[in-house]
Every structure is written in structure tokens, then in C-alpha cells.
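The values are calculated or read from the model by the stated rules, or taken from the named source; none is laboratory data. Note that this is a predicted model, so its numbers are computed, not measured. Glycine also receives a Cβ, built like all others from the backbone with ideal geometry; neighbour counts cover every protein chain displayed. The accessibility values were calculated without ligands, DNA or RNA, using every heavy atom of the protein model including side chains. Shrake-Rupley method; radii C 1.70, N 1.55, O 1.52, S 1.80 Å.
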Amino acid sequence: MTGTRVVAEPADLDGDAIRAVAAGATPVLAPDLLDRVDSRRREMLAALEGAGPVYGVTTGMGAQGGVLLDEDARAEQSHRLLVGRAVGGAPWLSRSETRAVLGVRLRDFLTGDAGVSADLCRWLVTLLERDVLPAIPRDATASAGEIVPLAHAFAHVAGAGQVLDASGTAVDAAPVVAPLEPPVLGAKEGVALLQGRPVATALALLRVAEARTLSRQWAVAVAAELDLVRAAPGPYLPEVARGDDLLAGVLDRVRGRRDPRDLRETQVPVSFRVVGPVLAAVERAADGVEAAADRSLSALTDSPAYLPGRGFASTPGFHAVDLALALDGLRTALVHAAQNGVARLHRLLDPRLTGLPAQLAASPGEAGMVVVHKQVAGEVAAVAGEKPAVLRVADTALGQEDVQSSAPAAAEQVRRALNVARRVLAAELLALHQARLVGWAGRSLDLDAAGLPDTPADQPRGDQLAGLAALLRAGWPDPSYPSAPVSEG
């Protein structure tokens, strides 16, 4: 996606706009909005003159928060804050993730809470417009808030740091950034760049979209699986979703893609019967993350924030516990959905359920799909064993930071869960393809886009799984259509 998004108010950079920025759009800031940002900064600077000690601005930070800075130290404070806290490293956030972080940081600053200059806001737009993207560590969670990843994100303004090249590799920022003439940081701008929760908020908005897409993709595959096992329609009837519009939508998608023939009279295993509630739980958890991210976009997250009429106030806005809890909930829902997918895959290898050869093998002695099942079952078990990120607590910084929400870590766990869940769905799609090759005559998904071989004989499956997972990440099969691509088999 390219193009522009006009921003007349901070709220114009909502979740959809941030996702558009991640995909390549550039914000265009209204002059009146920038005038208001500069007006607030002038107020803040005037208030600073008689404010006494202001944490991180006229004092040190952490255990040095009670140490007043002299004039020379205050002049260097913004630069020192960024350079001294950039202690992370590779792997880095992707380019689209980084663009989303810059978009959320921009919205934070446009509210005026941080008291930064319009020039700093314009700089963030320049980075997005030129696609000059700082290297931000993917794993940097030991601080309260997001100080470490944000120090990396903006160390380039202090003459340090790295940016991503076209391949996503980190290179020295100075030769890339200097010709663009970054602004000189003034009072309070260094601490403002380090505060808040733009990383977790941005990543949450991106993960929500991926989770919703995956749920719809899964419904496509499940409908074909239900046809393969000749599942009776009971668990998918509209009456099952009484009082639950979200579940009703999931069941509608599953029913709309079925072509049931010769239905069995006995029940199919639980993993097939509960697909509606399981996928609805993923979408419900995604809605919870979206709501938390929306609150985060509007929240007062700067600290110390400049509040007209009140002066400088320390705030807890960096502690994104609601966002962390929502992300942990989404991860749990995704892992549960993946576990159900693994169970269905196992059942698809059972001739008592499908009427096809055991393990979907082409002939006795061949492995068929059994090793594919073992592989993804192990991957799911690995992510299922991770401790919820919000429970990672460590007393750091001499008692100043004695608790963390670890929201960025929660977002990273969701990313890993999504990747494994796609692998499970890819394995299910591969099994459906194999079922057709070994004798299933029902309607199945058109997997031509995956370039899968038309022979059922044993073969290396790793590249096939990876290829299907990549197609799923790109949005295939397109869940926006009434029915997924199908062919008669």
C-alpha cells in the first residue's frame, strides 16, 4: 500500500490508519495541528523555567532521579538518554512493524502531552515518507515500559544507532540520516522519545489483523475437512450460535463452504465439532486486543507529561498491562486453535474416520502424512509451554523499576503463536491435498497456487509446508469471498 493519510487531529491516526502506515502510506499533517503542537511546546518550555526538579529533564533518571543536572548536563540530556539505553540487538522488527511504531509515536506526540516540537513530528513523517527505518530490537523486555527498543528507534537523532537497509539488515544510521537533516533535540524531547508504549500498541494492531485473517482461512480448510469426514450438520447449525453473533458469523462461513454428501450418523471427534467456538474465541480475543490498542492510542502515556494548568506530572502510562493481558489472551486462543488443528490432522490419518488409507499413505510402508503431524504437534507443544509475558517480573534499576507489564514480549509471543498456527493450517491443507491424491472424491480446496506435486508418494514435505504457510501469511485463500477457490476432485 502507498499513498497518504491526511491527519487533522491525533485521532485520525487510528488503528486502520496505523495499519495503512505499516503497509506504506505516509501521514500528511495539517498545518493547524502542527501549530497547536508548537503552541503546547512553548507553554511547556515556559512552565519548565519555574517548575523545580522535573524527572528526566532537569534531573537524571532511575536511581539518579534525585540528582539535579547543571546547565551543561541539561543541554546534553536528550542525547545521552537515547545513546546510553540502546543496549539491545538483532533480531530487528520488520520494516512494516517499524513503520507502525513510528506511526503510533507520531500520534502520541501530536496530542501535545509530551511537549515536543512540531519539527520532531515532521521528522517522524520524513522517516516514513523516505522509508528510512530505524533498527528496533524485537526482544528487549527487561525495562518498565519500552525504554530499550525506543532508545534504538531514536538513537539516530543523537548521531548514533542503526537503520534497516532494503533487506532488513541493520547498517550505520549516520550516512543515511545526516543528508535528511534531522532536528536538534531540545529540552524534554529525549525523555519523551523513550516514554509510552508505541511498540506494543503498534505490534498489537498488526497481530489483530493477522489473527482475524487466520481465523477466516481456517474456516475454509475446516469446511473441506468436515466434508472429508462426512460430519453431520448439527454442530454448525445457526441455532448453535444463539445469543452469540460472532459465533454465528464463524458458523455461517463454515456452512457456506460445505458440500456435504453421504453424512455419517455417528458423531465425529470433538476437534471437528468445536471448530465454531474455537475460531470464534480467536476472533473474540482479537477484538479484545483491538479494543485495548484503541485505548492505548488515546491514553496519556508520556511521563513526565506536561498538563496545562497542572504542570509536569509523572504518569503510569508506560505500564500497558491491559494490552499485555489482552495479547496473552490472544496467544492462548491461537495456541488452543492450533492444538485443535493438530488433533483434526491426526484424525484425518485414521481410516476409520475417512475411509482412506492409514496415514493417507499411497502404499503400505510409506509415511504419508504421519511425520507432518508429528512435526507440527511438536511446534505447537513448544509455544504452548511459554509462560504468559505479563508474569515476567524482575526488580531492576535499584528499585525504581520493580515491576513490568512486558507488553512488547506479549506481542512477540502472539507473533510466534501465529507462525505456528499457520504451520498447522498448512499441514491440514497438505493433508487435504494428499487425501484427494489417495482417493477422496469430494470437493476439496484448489491448491494449485501452492505448486504441490500431483503424486501421493512419499517426498520431502518441509518446503511444501513452508510454501503453504507463506501463502497463508500473504492472505491466501482470500477470505473476503463468499466461498474459497474449490475444484471437483
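Some points to look at:
- One residue from A211, A192 being farther than 20 Å from A86 by Cα, in a helix (DSSP H, G or I) and not charged (D, E, K, R): A211
- Residues in the range 48-68 that are farther than 23 Å from R310 by Cβ and either at pLDDT 80 or above or not in a helix (DSSP H, G or I) (or both): G60, V67.
- Selection within the range 409-460: residues that are basic (K, R) and modelled with pLDDT of 95 or more. The member of this set that is nearest to Q217 (Cα to Cα) is R422.
- Residue match in the range 22-34 (condition: more than 29 Å from E290 (Cα to Cα), among the aliphatic types (A, V, I, L, M) and not in a loop (DSSP other than H, G, I, E, B)): no
- Qualifying residue in the range 155-163 (condition: closer than 26 Å to D32 by Cα and either surrounded by 22 or more Cβ atoms within 10 Å (Cβ to Cβ) or modelled with pLDDT of 95 or more (or both)): yes
- Hey, R415 of a type in the set (K, R), open to solvent by less than 50 Å² (accessible area, probe 1.4 Å) and assigned to a helix (DSSP H, G or I) or not: no
- Flag for V289 being within 30 Å of W218 (Cα to Cα) and surrounded by fewer than 24 Cβ atoms within 10 Å (Cβ to Cβ): no
- Filter result for A90 (within 19 Å of the chain's Cα centre (by Cα), surrounded by fewer than 24 Cβ atoms within 10 Å (Cβ to Cβ) and over 30 Å from R5 (Cα atoms)): yes
- Count - residues of the range 277-306 that are farther than 30 Å from A47 by Cα and in contact with a Phe, Trp or Tyr (Cβ under 7 Å, 6 or more places away or on another chain): 1
- Meets criteria (in a helix (DSSP H, G or I) and over 38 Å from the mean Cα position of the chain (by Cα)) for A75: no
- Set side by side, the residues L185, L106, L150, L124 differ, and just one is over 16 Å from L34 (Cα atoms), in a helix (DSSP H, G or I) and in contact (Cβ under 8 Å) with a residue 12 or more places away in the chain, which is L150.
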